[in-house]
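Report on the following structure.
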Amino acid sequence: MTNTRMPAPGRETVADRLLRSTAARSYDPDLDIDWTAPLVPGKGFILERRCSLYGTTLWERLSPEQRLELGKHEGASVASTGIWLELMLMRILAKLAYRGDPVSAHVQYALTELAEECRHTIMFGRMIEQLGTPMYGPPPRIWALGNRLPAFAYGPSMWAAILIGEEIPDRFQREQAADESIQPLMRMVNRIHILEEARHISFARAELPRSVAETSRAGLAYHRAVTARFAFIVASNLINPLVYRSVGLDPRVARAAALANPHYKATLRFGGEKIVAFLQDAGMIGLPGTPLWRRSHLLPA
Ligand SMILES: [Fe+2]
Ligand SMILES: [Fe+2]
């Protein structure tokens, strides 16, 4: 299940490299983003084709202004789910540090990542404040579940969950950071996040195969089930249905239209493409989790 072509670099080697990369390049969103700059009229908040209703009859009925407005609320919704994920991740990283050796590069990098996630959470919070939308977040039931998860998270499903939370938003951020039709604020937030998340993703990607190798067959089935459940929850909660109210649509009707929308399903597949391939390679996608993975629309068609 692990990559046998080349020996995987050791835990301390990976953490050392990531610590050096952090020292060479990282951001302070407080200083590196011009928070006083106004939003640019007419520029988008997400790519139109990534809007959950893009291509539907409901979309056709929206004016260009309404499409921009919905994109703003969907962008804020994804960022608020990002905040939820980062709040959980910070607690997982604090748990790793508490149990580990603070003299090791591994724990020092976990703490470095925690500090970056802390700044990201504030950055996303300020961005949502700037957009003037509600702080949507997942529904209360899911928010409450997230409060309990870090205490129980361990092993392969913990690393897989971290990667699902980091790699899906990363796909969308990379796409829009490169697009000049998008608001400069969103693009700068994306650029900061992409650079720092690349290190976080390397950290978790190095840990997952080690963790899988230490897990029994029965244990792996458990971790596959937990991972599939987590992937389904993340994919289902990127867009809070309340966003549709911003353009006068009934959340239930619009949510149903989004879930049936082939463009939105393709968007979810695009979001899942890299992490799904990695998890499949690591043996983390399979029974008993496969049906939930299918329902999440993250698997290739
Ligand atoms: Fe982050
Ligand atoms: Fe991260």
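For the reader, a short list of remarks on this structure follows.
- Based on Cα contacts under 8 Å between residues 6+ apart, the chain shows a relative contact order of 27 percent.
- The magnitude of the dipole of the range 248-301, with charges of +1 and -1 set on the Cβ of Lys/Arg and Asp/Glu and taken from the Cα centre, is near 140 debye.
- Cβ-derived FRET efficiency at R0 35 Å, residue 180 paired with residue 245, nearest 0.05: 0.75
- Calculated log₁₀ intensity ratio I(q)/I(0) where the Debye formula runs over C-alpha points of the chain, q = 0.13, 0.16 Å⁻¹: -0.93, -1.37
- Rounded to the nearest 20 debye, the dipole magnitude of the chain is 1020 debye, with +1 charges on Lys and Arg beta carbons, -1 on Asp and Glu beta carbons, and the Cα centre as origin.
- Summing +1 for each Lys or Arg and -1 for each Asp or Glu among the other residues whose beta-carbon sits under 14 angstrom from that of residue 253 gives +3.
- Ordering of 131-142, 63-74, 31-42 by packing [mean C-beta count within 10 Å, highest first]: 63-74, 131-142, 31-42
- Estimated purely from DSSP H runs of n ≥ 4, each contributing -39500 (n - 2.57), the mean residue ellipticity at 222 nm for the chain is -23000 deg cm²/dmol once divided by its residues.
- Degrees separating the helix 184-213 axis from the principal Cα axis of the chain, which is the longest one: 30
- Spherically averaged projected area of the range 182-282 from its Cα convex hull (nm²): 8.6
- For the range 244-263 versus the range 117-138, the gap between their alpha-carbon centres in whole angstrom: 23
- Across q = 0.14, 0.15, 0.17 Å⁻¹, the range 1-114 modelled as identical point scatterers on its alpha-carbon atoms has Debye log10 I(q)/I(0) values of -0.86, -0.90, -0.97, in the order of the q list.
- Rounded Å value of the spacing that divides the Cα centres of the range 157-178 and the range 12-48: 15
- For the range 71-158, carbon and sulfur atoms together expose 65% of the accessible surface, with a 1.4 angstrom probe and every protein chain in place.
The values are calculated or read from the model by the stated rules, or taken from the named source; none is laboratory data. Remember, predicted model here, so these are calculated numbers, not experimental data. Every residue, glycine as well, gets a Cβ built from its backbone with ideal geometry; the counts of neighbours run over all protein chains shown. Accessible surface is based on the protein model in full, side chains and every heavy atom, while ligands, DNA and RNA are left aside. Shrake-Rupley method; radii C 1.70, N 1.55, O 1.52, S 1.80 Å.
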